[in-house]
1. With respect to Glu48, is the statement that it is loosely packed, with under 12 Cβ neighbours inside 10 Å and at negative phi true?
2. Would you mind stating whether Arg143 is under 26 Å from Val108 (Cβ atoms), part of a loop (DSSP other than H, G, I, E, B) and either among the hydroxyl-bearing types (Ser, Thr, Tyr) or open to solvent by less than 100 Å² (accessible area, probe 1.4 Å) (or both)?
3. Within the stretch 94-103, which residues are over 16 Å from Gln56 (Cβ atoms) and in a helix (DSSP H, G or I)?
4. Could you tell me which numbered condition Glu116 fails, if it satisfies all but one of (1) of a type in the set (D, E, K, R); (2) surrounded by fewer than 18 Cβ atoms within 10 Å (Cβ to Cβ); (3) under 27 Å from Asn87 (Cβ atoms); (4) in contact (Cβ under 8 Å) with a residue 12 or more places away in the chain?
5. May I ask you to say which residue of Asp3, Asp12 is among the acidic types (Asp, Glu), farther than 23 Å from Glu116 by Cα, surrounded by fewer than 18 Cβ atoms within 10 Å (Cβ to Cβ) and without any contact (Cβ under 8 Å) to a residue 60 or more places away in the chain?
6. Scan the stretch 170-190 and tell me whether some residue there is open to solvent by 80 Å² or more (accessible area, probe 1.4 Å) and of a type in the set (A, V, I, L, M, F, W, C).
7. Return the residue satisfying two criteria in turn: it lies in the stretch 78-100 and is charged (D, E, K, R) and under 17 Å from Arg54 (Cβ atoms), and of such residues it is least open to solvent (accessible area, probe 1.4 Å).
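The values are calculated or read from the model by the stated rules, or taken from the named source; none is laboratory data. Because the structure is a prediction, the values reported are computed rather than measured. Positions of Cβ are backbone-derived with ideal geometry, glycine not excepted, and every protein chain shown enters the neighbour counts. Just so you know, the surface numbers come from the protein's heavy atoms only, side chains and all, with ligands and any DNA or RNA stripped out. Shrake-Rupley method; radii C 1.70, N 1.55, O 1.52, S 1.80 Å.
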Amino acid sequence: LIDRNAAPAVRDRAWYFLAKLRWQRGLLASAEQNLARIEKPLGGTLEEDHQLLRAQLLMARQDFAAAAQVLDALKGSPTAGLYAKFNLGVALIKVGDTDKGQALLDEVGQTPAPNEELRSLRDRANVALGFATLAAKKPIEARAALQRVRLTGPQSNKALLGFGWAASELNDPKLALVPWTELAARPHGDASVLEARIAVPYAFAELGAYGQ
């Protein structure tokens, strides 16, 4: 379509989809170049997707302040709003505005999710919030967020790992052993599982159970 000089609106849409494919393949510079060729707003939900992709590319090169500006304009959207709020929450935490960032992640993490796509996003928000609050030395808040993550979803390993560390921060190694033991028994092709296999003996040592 681009090579055949399609109508400008069609060509812009082609540049967007080409950029999205490049982004999915990890070709960030090429994706940015494709987006820069778009001349006018794409209209409707496709324009929102375009702006979300712009923000993701900015975050990928650590320009969180610029990404936050793009995402802030999208957070009220009925279609792209949840994704915008999730990414905006992450971006705000990265630039140091932790209270606002955590509040946005908490909102996404408690939003009703009628389908698998939104349930997965909700889990991601709760995991991000859990580790952000752990880093801020707030283990009680971290535990509350991580408890909302499904035990069988794609984020479950990270959630179990973080929940264990939250319990450890609260000086409760016995409680930490519950998620860590579950996690350590899972297939070991995941960094969280490997970390749990180190954390389990650490928790036993904290309990004085040196034999175990």
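1. no
2. no
3. Thr98, Asp99, Lys100, Gly101, Gln102, Ala103
4. Of everything listed in (1) of a type in the set (D, E, K, R); (2) surrounded by fewer than 18 Cβ atoms within 10 Å (Cβ to Cβ); (3) under 27 Å from Asn87 (Cβ atoms); (4) in contact (Cβ under 8 Å) with a residue 12 or more places away in the chain, Glu116 misses just condition (4).
5. Being among the acidic types (Asp, Glu), farther than 23 Å from Glu116 by Cα, surrounded by fewer than 18 Cβ atoms within 10 Å (Cβ to Cβ) and without any contact (Cβ under 8 Å) to a residue 60 or more places away in the chain holds for just one of Asp3, Asp12, which is Asp3.
6. yes
7. Within the stretch 78-100, the match that is least open to solvent (accessible area, probe 1.4 Å) is Lys85.
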